1. Determine whether the stretch 136-149 contains at least one residue that is among the polar types (S, T, N, Q), surrounded by fewer than 22 Cβ atoms within 10 Å (Cβ to Cβ), at negative phi and part of a helix (DSSP H, G or I).
2. Please indicate, with yes or no, whether at least one residue in the stretch 121-133 is assigned to a helix (DSSP H, G or I) and surrounded by fewer than 24 Cβ atoms within 10 Å (Cβ to Cβ).
3. Could you look through the stretch 153-164, keep only residues that are of a type outside the set (Val, Ile, Thr) and surrounded by 18 or more Cβ atoms within 10 Å (Cβ to Cβ), and pick out the one that is nearest to Ser311 (Cα to Cα)?
4. In the stretch 240-254, what count of residues is obtained for those that are modelled with pLDDT under 75 and in contact with a helix residue (DSSP H, G or I) (Cβ under 6 Å, 6 or more places away or on another chain)?
5. Any residue at all in the stretch 169-185 that's surrounded by fewer than 20 Cβ atoms within 10 Å (Cβ to Cβ) and closer than 19 Å to Thr285 by Cα?
6. Quick one: is Leu68 modelled with pLDDT of 90 or more, assigned to a loop (DSSP other than H, G, I, E, B) and surrounded by fewer than 23 Cβ atoms within 10 Å (Cβ to Cβ)?
7. Quick one: which of Arg346, Arg325 is among the basic types (Lys, Arg) and farther than 23 Å from Ala384 by Cβ?
8. I need the full set of residues from the stretch 439-453 which are without any contact (Cβ under 8 Å) to a residue 60 or more places away in the chain and surrounded by fewer than 17 Cβ atoms within 10 Å (Cβ to Cβ), in order please.
Amino acid sequence: MPPSTLPRSAERSPRPGPVANSLAASRLGMWSIIFFTVAAAAPETVVGGGAVSGFAVSGVNGIPVGYLAVAVVLGLFAVGYVAMSRHVENAGAFYAYIAKGLGRTSGTAAGGVAVLAYAMVQVSLVGGCGVGAADFLHQAGGPALPWWVFSGVGTGLVAVLGVLRIDVNGRVLGVLLLAEIAMILLYDLAFVTDPAEPGVTLTTLNPLQLGTAAAGVILVIAFTGFIGFENSTVLAEEARDPRTVGRATYLSLALIGGIYGLSTWALTVATGPDRIVAAAGEHSTELMFVLAADRLPPALVTLGSALYVTSLFAGMLSFHHVCARYLFALGREGIGPRALGVTSPRTSAPTAGSVTQSVVTALVVALFAVTGWDPIVHLFFWGASGGALGVLCLVTATSFAVVGYFLRVPGHGCGRWRTLLAPGIAAVVLTGILVLTLRSFGTVLGLPPGSAAAWALPGAYLAVALAGFCWGAVLRVRRPDAYARIGMGARSATIDRAEEPGDAN
């Protein structure tokens, strides 16, 4: 019997004793899920940091159309992703999808890749937030403190919030996100109503921009901005109504894509399409605020700078929850240490997973503080780019997994468009983007051609995936009960070795 047809009470394992192995049900409404998802994308950080860096690195002004193109591709991906979400309710979203669609050993490989990718993204945001907060305080007339002080404080705050009720975190993210989006739209309005020469033009939204040699870099940078849109399914177990997860996914994707396309286009209007690359190279991540200072009162520029820091913090918090839930999902099903698969009896938060991610983050910050490595280049930029590469691998594999799952499951009640055509098209296009990403990854990182460092991160993912495959094979032979639970989510505690329709070996 597919999970979607089980009574909701049957999908929850019992909660005896001081710990439990299920997350809290019915805590999050649709808008809370959207807040988590869009906050993970960190819109102001992407527009003011990632997009501006993209203009400078790529040397072309087609970044706005790149965001719109990726939004369309991910919209196709979401069709099958949402259709399959009705059959999979698991905090380890990609891991579970791939396990059910491509096989359990593929699922164990995906679980390892997901933990590494999301941990890299979360820790990278901690570095960016620390530097941003230190710069903001110094520019506001405060003392010049080391970046790692602020990263440490941010890590502590996230650690505390990470073990509280998930709906409390949803309210925190909602306030931060709404303020951030309001400021971005205000800046957009100022840019468009006071354009540079030649005035308001749609040149940078021309799809022909994607026909240039820099198309790979454009698409890689654009895809990085969408990391987090897929996280709605991670929260499915905690949703008041799992049916809202699909709507939250579509709305989040539309909101993220719309903001990115509009705001990056507005930047090109404010500088002039032919001058955006030079302006990005000159001002770097300060460009948005430099342009705003020419058009808005100083107080709004200062507030926008403060919200840039809170945008990074919101992203830190959102991805912390994702990391904690992936660790929890792997621990609950016996893929990782069993100690990770428990929740707090008071808050139903995945306490062990949350604490583990906090400790990892603190150790990385301490490492960078002691060694003096550049927290912007090597932690924030490289970490985010490396994490994005891992998520792109997972999204691509999940597209194939959706097709594989529905080909095996009879009577699923979904049309061919949602189960075969849309995910199949997405799989082909995403594979192309992945190939372009690997070919241009050194350029994205700002490394010289042929640099060994450009292949270090892809190589790390390959090593983790191979280790995951081997571990899955070991589980199949040595621990068949644990192997049978792979991808089962909250039902894993009651699953013996029987399969349900659609489970792959």
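The values are calculated or read from the model by the stated rules, or taken from the named source; none is laboratory data. Just so it is clear, the structure is predicted and the values come from calculations on it, not from any experiment. Neighbour counts run over all protein chains shown; Cβ positions are idealised from the backbone, glycine included. Protein only, heavy atoms only, side chains kept; ligands, DNA and RNA dropped before computing areas. Shrake-Rupley method; radii C 1.70, N 1.55, O 1.52, S 1.80 Å.
1. At the first step, the residues of the stretch 136-149 found to be among the polar types (S, T, N, Q) are 139.
Subsequent filtering for residues that are surrounded by fewer than 22 Cβ atoms within 10 Å (Cβ to Cβ) retains 139.
Checking which are at negative phi leaves us with 139.
Filter once more, keeping what is part of a helix (DSSP H, G or I): 139.
Scanning the stretch 136-149, I find at least one residue that is among the polar types (S, T, N, Q), surrounded by fewer than 22 Cβ atoms within 10 Å (Cβ to Cβ), at negative phi and part of a helix (DSSP H, G or I), so the answer is yes.
2. Within the stretch 121-133 (the criterion being assigned to a helix (DSSP H, G or I) and surrounded by fewer than 24 Cβ atoms within 10 Å (Cβ to Cβ)), the answer is yes, since at least one residue qualifies.
3. Looking only at the stretch 153-164, we keep the residues that are of a type outside the set (Val, Ile, Thr), and these are 154, 156-157, 159, 161-162, 164.
With the extra rule that they be surrounded by 18 or more Cβ atoms within 10 Å (Cβ to Cβ), the set shrinks to 154, 161-162.
Numbers: Gly154: 12, Leu161: 16, Gly162: 17 Å.
The selected residue is Gly154.
4. 1
5. yes
6. Taking the combined requirement at face value, the residue does not satisfy it.
7. Arg346
8. Leu447, Pro448, Pro449, Gly450, Ser451, Ala452, Ala453 - these are the residues of the stretch 439-453 that are without any contact (Cβ under 8 Å) to a residue 60 or more places away in the chain and surrounded by fewer than 17 Cβ atoms within 10 Å (Cβ to Cβ).
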